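Encoded as structure tokens, the structure appears first; notes follow it.
Please treat every number below as a calculation from the coordinates, not as lab data. Since we're looking at a predicted model, the values are computed, not measured. Reconstructed Cβ throughout: ideal geometry from the backbone, glycine too, with neighbour counts over all protein chains shown.
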Amino acid sequence: MENQDQQLIQRAIGGETQALTQLLGSYGPSVERALQISPTWQAMIEPADVMQVTYLEAFLRIKTFDPERASSFEAWLRRIAENNLRDAIKGLSRKKQPQPRNRIKPGGYEDSLVGLYEMISASISTPSQQVGRAEICKAVESAIAALPERYAKVIRLYDLEGRPIDEVAAALERSTGAVHMLRARAQDRLREILGTQSMFFGSGA
């Protein structure tokens, strides 16, 4: 079984969707059963919600999985699931104690794009101070377009259009906990995309 898993992992890393699907089918249920959701949040976070985002992240990140350094595929998948659960709880906690800096101030569409960039750019190394407004809007739009559909939709509805979390959840047909998970992962992906663009590092390229 171990040799079979190793073969599946190598094929999955190589881009074979069926191999990754088989691995997720083997290990996903045990990861889901191991999730520990506090009674405080059980009404707002379903284990299935956590796993849906976890599976999507697994497809996006499988090429970064290093079999020689990771303890196991299951442990890698469990860390992704636990991170998603943690982000859902963080988001739900903020809803009880809103923090203005976590939302973009209402304004026009370009204002929202710039606000989104400013909110996520703090973790992008040495962003260029010379980047103009039009360049920022173009880059953020391009980055959003490169996101998986569900990630792009949550960013547009929640961050750019400023809709209430309950309304976003209804539009996505997901729980509010799932929306917070999707948004956290979408912002991670935006940081990665924007961080690779030379214009944000003041290279002048």
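So here's what we get for this one:
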item: Net dipole in debye of segment 2-96 [+1 Lys, Arg Cβ; -1 Asp, Glu Cβ; about Cα centre; nearest 20]; result: 520
item: Convex hull (Cα only) mean projected area of segment 2-96, reported in nm² to one decimal; result: 6.3
item: For C137, net neighbour charge (Lys/Arg +1, Asp/Glu -1) across residues whose Cβ lies under 13 Å away; result: -3
item: Burial ranking of peptide ranges 71-77, 59-65, 177-183, 44-50 (average Cβ count within 10 Å, highest at the top); result: 177-183, 44-50, 71-77, 59-65
